[in-house]
Amino acid sequence: MAWRDRGVLPPGLPFPSPAFTFLWWKFPYPLLEDSQRRYGDTFTLRLAGLPPVVMFSNPEVVRQVFLDDGTTMEAGRFNRSLAVLLGERSVLMTDGRTHARKRKLLMPPFHGARMQAYARAMLDLSDRAIDAFPRSAAFSLHPFMQEVTLRVIVRTIFGALARVEDKLVAQLGEVLDVGTSISLLIPALRRNLWGRSPYARFMAASREADRTLFADIRARRESGERGDDVLSLLLDARDEDGEPMPDDELRDELVTRRGAGPETTAPALTGAVRWIVERPAVLARLRAELPPDKCGDPAAIEKSPWLDAIVREALRLQPVIPLVGRVLARPVSLGGWDLPEGVAVACSIYLAQRRPEIYTDPTEFDPARFLGRGKPSAAFGASELFPFGGGIRRCIGMAFALYEMKMVLARLFARTDLEIAHRPVKVARRSITMVPKHGLRVRLSRREPRPTPPGA
């Protein structure tokens, strides 16, 4: 194919693809920064098992990518390496009409007034995690954030399974932990090895969790039992032809929610805590805007301008995934390059959200940049701020994740004082996401009792 001629594509770091893939897995953000320093806003990554990936971060090019309707730039094809983790029929693996149909079915449970129904579970589970923090010894925060987000998923998505919550959380936790191995993303490394390989352990853990999930789907279909959870809503959802979602397809969408949710929200929460703890003025302003008596009120938490700005700035400065990508279904001119069919194009979330012409002092954590006049575009999915992607592929669970982050952070800093116990704080990869290294080692210096629930 034409793109195999390196002269057709923008230049990139001159490593063989196996070596570059290893470096990309270990040091994605330094590699992006080094590539930008050498080659400017447009360069090519060559990763094993993928077509060349032409990287952009210029807002005008990002906007052009996000405006595509999916007929020229196919995100499903780009995401195929994740199928082993999320399922072949996940909305993330689809394009065109199939993607549009799935998205229409999946959107309602994650938007609008539905969020308010999930608030109590988010606050209660935050309290449960806070109560379990060690009293004096340093500990890694990320496992606690993953526990919170996993339990939120179990209660809000699989609501009727709360009676076996501990069992299901343990099953899903094992799936997520084993699923962090890079070998799962490289087909040549997916080997059983007498049941001892990461791939074999991941498949065994997935089968165990699937048995629980399929049993509940069948039982609910047969009994007609429904609740306020997402599974109940999806069981009743119908496409334009009046057809329900088949069990296998429903399973893959629920697996996508149970995997992508905790694996992105927990690192985002952990990263946000790091920035807040390191900046006492940011924390003091948060507590002034959300005093303890307001931290049990989901409406007050959701409407807090400073907390909203904190969340946006945390996701801007340290996005949990480095890029979003598409595969070209036909030749296209993009960013001054005539790119052939079959290559991939990607928008670097990390680089685009650190452009100095858009964000003053872009490496500084400054939530105030999202308040008042002269602020950059604060709309998620815009070409300057897209930690959840953009266009027709913007994350379906974005509103859910933002709401959950606000509930957890408000409760955490109303009840505790934390100190960073391990410096310097570096960032490390966990599967496809980035999280503070060592899970952010912290120490608890104050913990207040649980607040009395409203109306108690």
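Collect the residues in the range 90-104 that are surrounded by fewer than 21 Cβ atoms within 10 Å (Cβ to Cβ) and more than 18 Å from the chain's Cα centre (by Cα), keeping them in residue-number order.
Across the range 90-104, the qualifying residues are Gly96, Arg97, Thr98, His99, Ala100, Arg101, Lys104.
Evaluate the following for Thr149: is it in a helix (DSSP H, G or I), buried (at least 22 other Cβ atoms within 10 Å of the Cβ) and either β-branched (Val, Ile, Thr) or on the phi < 0 side of the Ramachandran plot (or both)? For Thr149, the condition - in a helix (DSSP H, G or I), buried (at least 22 other Cβ atoms within 10 Å of the Cβ) and either β-branched (Val, Ile, Thr) or on the phi < 0 side of the Ramachandran plot (or both) - is met. Here the condition is being of a type in the set (A, V, I, L, M, F, W, C), in contact with a Ser or Thr (Cβ under 7 Å, 6 or more places away or on another chain) and modelled with pLDDT of 90 or more; of Met398, Met407, it holds for Met407 alone. Among the residues examined, Leu9 qualifies as buried (at least 19 other Cβ atoms within 10 Å of the Cβ), farther than 21 Å from Arg355 by Cα and either at pLDDT 90 or above or of a type in the set (Phe, Trp, Tyr) (or both). Selection over the range 237-256 of residues that are outside any helix (DSSP H, G or I), on the phi < 0 side of the Ramachandran plot and exposed (fewer than 14 other Cβ atoms within 10 Å of the Cβ) gives a count of 6. Checked against (1) touching a strand residue (DSSP E or B) at 6+ places or on another chain (Cβ under 9 Å); (2) on the phi < 0 side of the Ramachandran plot, Ala132 meets all criteria but (1). Restricted to the range 212-259, and to residues that are polar (S, T, N, Q) and in contact (Cβ under 8 Å) with a residue 40 or more places away in the chain, which residue is farthest from Ala401 (Cα to Cα)? Top of the filtered list is Thr212.
Yes or no: Arg312 assigned to a helix (DSSP H, G or I) and out of contact with any helix residue (DSSP H, G or I) (no Cβ under 8 Å at 6 or more places or on another chain)? Answer is no for this residue. Any residue in the range 304-320 that is surrounded by fewer than 18 Cβ atoms within 10 Å (Cβ to Cβ), of a type outside the set (Val, Ile, Thr) and more than 18 Å from Val273 (Cα to Cα)? No - not one qualifying residue is present in the range 304-320.
Kindly indicate the residue of the range 257-298 that is hydrophobic (A, V, I, L, M, F, W, C) and at pLDDT below 90 and also surrounded by the most Cβ atoms within 10 Å (Cβ to Cβ) among those meeting that condition. In this case the residue turns out to be Cys295. Residues that are in a loop (DSSP other than H, G, I, E, B) and on the phi < 0 side of the Ramachandran plot within the range 37-54 comprise Asp41, Thr42, Arg46, Leu47, Ala48, Leu50, Pro51, Pro52, listed in sequence order.
The values are calculated or read from the model by the stated rules, or taken from the named source; none is laboratory data. Not measured: the values here are computed from a predicted model. Here the Cβ is made from the backbone with ideal geometry for all residues, glycine too, and neighbour counts use every protein chain on show.
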